[in-house]
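Structure first, commentary second.
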Amino acid sequence: MENAIAGIGAELSGQIQLAENVPEKTGMLTVRTANRTIQEAANRPNPVPLWKSLWYEGEVCCLFADSNLGKSIYAVQIASSIAVKRKVLYFDFELSDKQFQLRYTNETTGKCHVFPPNLYRVEIARDCDYPEGCFEDALIMEIERLSVEMDCKILIIDNLSYLCMTSEKGEDAGRLMSRLTELKRKHGLSMLILAHTPKRPLNTPISPNDLAGSKILYNFFDSVFAIGKSAKDENLRYIKQLKVRYGNFEYDSSNVIVYSIDKVDNFLQFVPMGHATEADHLKEITEAERVRLKSEAKTLHSQGMSYREIGRQLDISKTTAERYCKT
């Protein structure tokens, strides 16, 4: 019996030794045992939260929302908070410098908000020259060059459509996300990418399907959160966490962060109002309204309209439109 046990031990020892002798890198791939992976990773510091538990250091994160809900306002607020201690590059491809100035100026006194000196705003030069048909590639290369030259690891890009104008195509979306992931690993970057969502009804919860573009985008992002508009008060917004790799899933539908948008002195910002369930801020549909919508959905479907088109016309989700047509 002792000889048998000794034999088994020797065999296991040999297997472990063989596993450890596997070459660490073979072509494109790196091979390590699970134990070695854990040991080496444990020697590195844990990721640092950059903004609540929504965005962590070393992540390619996405913030998406419908138009005019305050994505840029919230992103600048995030950038300003981080820039108190660390350098941040905010790539603003949406506002002109004058629009940006007015947003952060007190209308009564004319006094402008003073941002932390570590916050740098970047825009596309009016006289920029780039190879025809290669704008997106040239822009990503310029973003990489600037982050390296300025030794800045934290980037906020407003918005995704400038990096990939055909993000609804899976191949193009996949190529973009591969490039962003490569930049993250190559230079140790943390990136927050702002994105749009098609107009969505106020009676349905925000879901991953609301992110405009190919599903590949959502799959590649490390973390994702979104801004929703309250159906109960048009001046309120809420933040919902949709995807998490590090940390805790704190702000799901049962605990969204509620904000109002106000200009405090000369700084336009999201002012925290506490927490709530997402259901508290969704539009309620009465039974009579539901019956009417079902009838209209069936009529439109009989006329050849797709579920997506029905949803857009009746201000309901595609899934709801399909369910109404089939019941």
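The values are calculated or read from the model by the stated rules, or taken from the named source; none is laboratory data. Everything numeric in this text was worked out from a predicted model, so none of it was measured. Glycine gets a Cβ as well: all are built from the backbone with ideal geometry, and neighbour counts include every protein chain shown. We work out accessible area using only protein heavy atoms, side chains counted, and drop any ligands, DNA or RNA first. Shrake-Rupley method; radii C 1.70, N 1.55, O 1.52, S 1.80 Å.
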Taking a label point 7 Å from the Cα of D233 along Cα-to-Cβ, the residues of the range 247-273 whose backbone nitrogen sits under 18 Å from it are 255-264, 269-273
Go through the range 60-68 residue by residue and turn each phi into a ³J(HN,Hα) via Karplus (6.51, -1.76, 1.60, θ = phi - 60°); whole Hz please, and just put x for glycine and proline. 9, 10, 10, 10, 10, 5, 5, 5, 6
With label points built 7 Å along Cα→Cβ from the Cα atoms of K52 and S306, find their separation and express it in nm. 3.4 nm
Stick to Cα atoms and the Kirkwood definition of Rh, then tell me Rg/Rh for the range 147-285. 1.00
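In a shell of Cβ-Cβ distance under 10 Å around P208, excluding P208 itself, what net charge do Lys and Arg (+1) and Asp and Glu (-1) give? Each step should come with its number before you reach the end.
On the way: positive: K215, K243; negative: D210.
Surrounding charge for P208 is +1.
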Take the alpha-carbon centre of the range 237-257, take the same for the range 44-79, and report the distance between them in whole Å. 12 Å
Compare G27, G188, G274 in a GNM of the chain, Cα atoms joined below 10 Å, and give the one with the largest fluctuation. G27
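Treat every Asp and Glu Cβ in the chain as -1 and every Lys and Arg Cβ as +1, leave all other atoms uncharged, and give the resulting dipole magnitude about the Cα centre to the nearest 20 debye. Can you show the working numbers first?
Working: 42 positive and 44 negative charges, 115 e Å.
It comes to approximately 560 debye.
Quick one: ranking F64, F135 by accessible area, 1.4 Å probe, largest first, what do you get? The partial results should precede the final answer.
On the way: F64 0, F135 40 Å².
Output order, biggest surface exposure first: F135, F64.
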May I ask for the Kirkwood hydrodynamic radius of the range 188-234, worked out over all distinct Cα pairs and given in angstroms to one decimal? 12.4 Å
Under the helix-only model (-39500 (n - 2.57) for each DSSP H run of 4 or more, divided by the residues of the chain), the mean residue ellipticity at 222 nm, to 500 deg cm²/dmol, is -11500 deg cm²/dmol
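How would the range 100-181 be classified by its alpha-carbon gyration tensor: rounded, prolate or oblate, with rounded meaning a/c under 1.5 and the a/b versus b/c comparison settling the rest? It would help to have the intermediate numbers written out before the result.
Working: a/c = 2.17, a/b = 1.91, b/c = 1.13.
Note, shape of the range 100-181 comes out prolate.
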Sorted largest first, the C-alpha extents of the chain along its principal axes in whole angstrom are 80, 57, 47
